[in-house]
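Novice: Submitted below is the structure of interest, expressed as structure tokens.
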Amino acid sequence: MKNAVVWSEIAVTDLKRASAFYEKLLDGKLKHETFGPFRVALFPYAQDGVGGCLMQGEGYEPSAKGTVTYLAATPGIDAALERARAAGAKVLMPKTALPGEAGYIAHVSDSEGNRIGLHAMG
């Protein structure tokens, strides 16, 4: 098994607002699509990588409690936290070193009220 986790969906109530937030946070563009009754914005990912999207539709409700999706913080946690603050995020957990050589994490609130994790090696 290469990756136990293969996909992540982050619930949003306003796809346009959430897309603007994540494009600023990730410093990149999301791809908008319709999937049945759902509106989605796909995160960039490599063919053999783990992907995910923002998901708006019935049954998807943002929450600050529950599962935390971690996004790659490039070029590092400090730069990603700066972009997050500029996009209106509240820092819920500051840059925190992981044990060993596993890098750093931080948590922020997104435009929809979700708790989102950031991870980087530096």
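Novice: How many residues does the stretch 81-122 contain that are under 20 Å from Asp27 (Cα atoms), of a type in the set (Asp, Glu) and open to solvent by 30 Å² or more (accessible area, probe 1.4 Å)?
Specialist: Total meeting the criteria: 1.
Novice: Given Ala4, Ala46, which one is more than 15 Å from Gly117 (Cα to Cα), open to solvent by 80 Å² or more (accessible area, probe 1.4 Å) and modelled with pLDDT under 95?
Specialist: So the residue among Ala4, Ala46 that is more than 15 Å from Gly117 (Cα to Cα), open to solvent by 80 Å² or more (accessible area, probe 1.4 Å) and modelled with pLDDT under 95 is Ala4.
Novice: Exactly one of these conditions fails for Asp78: (1) at pLDDT 95 or above; (2) closer than 20 Å to Ala18 by Cα. Give me its number.
Specialist: So the condition that Asp78 fails would be (2).
Novice: Among Leu54, Leu71, which is over 14 Å from Gly117 (Cβ atoms), open to solvent by less than 70 Å² (accessible area, probe 1.4 Å), free of Cβ contacts under 8 Å to residues at least 60 places away in the same chain and under 15 Å from the mean Cα position of the chain (by Cα)?
Specialist: The conditions single out Leu54.
Novice: Consider the stretch 1-59. How many of its residues are part of a strand (DSSP E or B) and of a type in the set (Ser, Thr, Tyr)?
Specialist: Number of matching residues: 2.
The values are calculated or read from the model by the stated rules, or taken from the named source; none is laboratory data. In this text, all values refer to a predicted model and were calculated from it rather than measured experimentally. Ideal geometry is used to build each Cβ from the backbone, glycine not excepted, and the neighbour counts take in all protein chains shown. What goes into the accessible areas is simple: the full protein's heavy atoms, side chains included, and nothing from ligands, DNA or RNA. Shrake-Rupley method; radii C 1.70, N 1.55, O 1.52, S 1.80 Å.
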